[in-house]
Each structure stands twice: as structure tokens, then as C-alpha cells.
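Here's the structure, in C-alpha cells; my notes come after.
Throughout, read-outs are computed from the coordinates displayed, never taken from laboratory work. The model shown is predicted, which means the values in this text are computed figures rather than measured ones. Heads up, the Cβs are rebuilt from the backbone with ideal geometry, glycines too, and the neighbour counts pull from every protein chain shown.
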Amino acid sequence: MTMADQRTRLRPVLKESEIDLRDRAAEPRALSKGKGVKKSAKVQRKRIEKLQDVFYADARFALLVVLQGRDASGKDGTVKHVFRSVNPMGCEVTSFKQPTDEERSHDFLWRIEKRVPGKRMIGIFNRSHYEDVIVPRVHRQIDDDKLRKRYEEINDFERNLVENSTIILKFFLHISRDEQKKRLMERLKNPKKNWKFRAGDLDDRALWDEYTAAYHDMIAQCSTREARWYIVPADDEDARNLLIARTIADTLDRLKLRYPRVDPKLKKLKIE
């Protein structure tokens, strides 16, 4: 592997000591900014486009991409840019908002299970079941025992998906405090982005340290052998897109996908 390959490849979290959520870790220092990063991201998008075609035809696997991160960390932008070339017929995006009354009447994984992609499909979760171990913890709506139980339920849930041929890629989009401030200000100033701003963003920002601790433990407790977390330095949007696209393309490539063979008898059929 060349040095350039190493710089564009994310490493999964294997142990707690690898979880660095300090502000300086949000800057992709190994990647230089500029047209080269954009060009490399385009190459990876093309790889995904080609691999998705055979992934859909192969129909042995499903792919679930989980995107988590603070407000303005780039979840929407990742969906827009990384998946811009995929065939929409084989891709489903779900954005999880606050639970409805019906969803609250069930266990927290109920609404998630309904949106898990079937075989041959790519499912993208913009926020996910992890909201249910982050928000309640930060706002002290859940005790430690119930929190540990939810970690276990999530790990069991994801393990079951993997055992049934669902590939899971979990990306935590890590931005710094200064970068989030910059993006939130842009939402206020830019009429095209005003709709994205909500007052609650500032309330959550005031709890920065509490969210950092919750994200740290989420990654530590749920980066399992079956479904690892990837921490994405997301202060630079182009680098973020490149790193995520490369991870997805490499993952699909390792599946040794193939187009199904046609029954020899069918080849002999004549079409009038």
C-alpha cells in the first residue's frame, strides 16, 4: 500500500485508546486541500457506481451505512456527495427525527428494524438507533443500567444483521467546535440554508462536553468485531467525502461480487 493509499483510508476503531474526539482530530491533516482531493473523491464515487451495479445483481448482501455526528457535521452533505452517482432503485435513505407517539409506544429499535435494507439494497441512516443512547444520556433521561442494556441490545441487533448478510459501515463525522460555529453561522446568514437552522442547535452546542462523552462511550461500547465504527475527520468536506467513499468502495470490492450466471437452457431459447 502506498503512502497516498494510507492517507485516503480510514481505520476502524479497534480499541478505546484509538477514540480521539478532541478538536484537533477533526482536521484531516494527512490530506492536503484542493482539487486533488475532489478528483480522488470522484474516482471513489465512480467505483461505488460500478460496484453497486453488480452488488444489486448479485443479491447476496445488503449494505447499511450509518451516519452519526453533531449538528452541522455534514450528514446531509455526505449523502448528497458520496452517493450522487448511485442508482436510486437500489438505494434507500432514512432520516430519523424525534420519535413519534406511535414509535415511543414500542421498543427503541422498532422503527429502526422497519428501515433495514433488504438484500441487494444500500440503506443509509442519517442519524440512527444511536440517537437513543446519545440524547437520553445527555439530557439525563436514562439511568446507567438502562443505558448499558441499550448498548447490549444494539450490539445484538447489529450482530444479527451481519449474520444474515447485512454489511454495516458506521461513520462518526467528527467536527471541531470552531467549525461547527462557522457552519451554524452560515445557516443563519445564507437564505438557502436558513431552513436547516433550529434554536435547539444552540442548546446542544452548550452541552458540547456532555455530547463528547456520550459519543466516546457510544463508539467504545459499540465498535464490535461485526460492526466497527469509523471516526471521520469532517472539518474539511472534500476530505470527508473522499474518506467515506473510499471505505464504502473498498468494502464492496472485498465482497467478491459477481453477476449471476444464466441457466444454460435459457441461452438456447429463441426469441421470435
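Highest mean first, the peptides 91-100, 152-161, 49-58 sorted by other C-beta atoms within 10 Å per residue fall in the order 49-58, 152-161, 91-100. Residue-normalised convex hull volume from the C-alpha trace of the chain: 185 Å³ per residue. Largest mean-square fluctuation among 136, 12, 28, in a Gaussian network model of the chain whose springs join Cα atoms under 10 Å apart, belongs to 136.
Within the chain, DSSP assigns beta bridges of which about 5% are antiparallel (rounded to the nearest 5). Using the Cβ of residue 59 as centre and a radius below 15 Å, the other residues enclosed give a net charge of +4, where K and R count +1 and D and E count -1. Here region 3-259 is treated with +1 on each Lys and Arg Cβ and -1 on each Asp and Glu Cβ, and its dipole about the Cα centre works out to around 1460 debye. Whole-Hz Karplus values for region 151-163 come out as 4, 5, 5, 5, 5, 5, 4, 5, 4, 5, 4, 5, 5 Hz, taken residue by residue from phi with 6.51 cos²θ - 1.76 cosθ + 1.60 and θ = phi - 60°; glycine and proline positions read x. Scalar couplings 3J(HN,Hα) for region 24-30, obtained by applying the Karplus form with A = 6.51, B = -1.76, C = 1.60 to θ = phi - 60°, are 5, 6, 7, 9, x, 5, 7 Hz; x denotes Gly and Pro.
In a fully extended conformation the segment linking residue 266 and residue 182 would gain 24.2 nm over its present Cα-Cα distance, using 0.36 nm per residue. For the pair residue 139 and residue 110, a Förster radius of 25 Å applied to the C-beta separation gives a FRET efficiency near 0.75, rounded to the nearest 0.05. In order along region 221-229, the Karplus-derived 3J(HN,Hα) couplings, from 6.51 cos²θ - 1.76 cosθ + 1.60 at θ = phi - 60°, round to 7, 10, 8, 9, 4, 7, 9, 6, 8 Hz, and Gly and Pro are given as x. Distance from the C-alpha centroid of region 1-70 to that of region 71-136: 19 Å, rounded to the whole angstrom. The GNM of the chain, with springs linking C-alpha atoms under 10 angstrom apart, assigns the highest mean-square fluctuation among 262, 13, 66 to 262.
For q = 0.13, 0.15, 0.22 Å⁻¹, what log10 I(q)/I(0) does region 1-74 give under the Debye formula with an equal point scatterer on each alpha carbon and no solvent? Log10 I(q)/I(0), no solvent term: -0.63, -0.83, -1.31. Of the residues 219, 133, 264, the one whose Cα sits farthest toward the positive end of the charge dipole of the chain, with +1 on the Cβ of Lys and Arg and -1 on the Cβ of Asp and Glu, is 264. Go ahead and collect, in residue order, the members of region 244-259 whose backbone nitrogen is under 15 Å from a label point 7 Å along the Cα-Cβ direction of residue 119. Of the residues in region 244-259, 257-259 have backbone N under 15 Å from the label point off residue 119. The amide H of residue 61, built 1.01 Å from its N in the peptide plane, has 120 as neighbours under 5 Å, considering only residues 5 or more places off or on other chains.
Over the residues of the chain, the helix contribution to mean residue ellipticity at 222 nm works out to -14500 deg cm²/dmol, using -39500 (n - 2.57) for each DSSP H run of at least 4.
The peptide list 122-128, 164-170, 233-239, 84-90, put in order of mean Cβ contacts within 10 Å with the highest first, becomes 233-239, 122-128, 164-170, 84-90.
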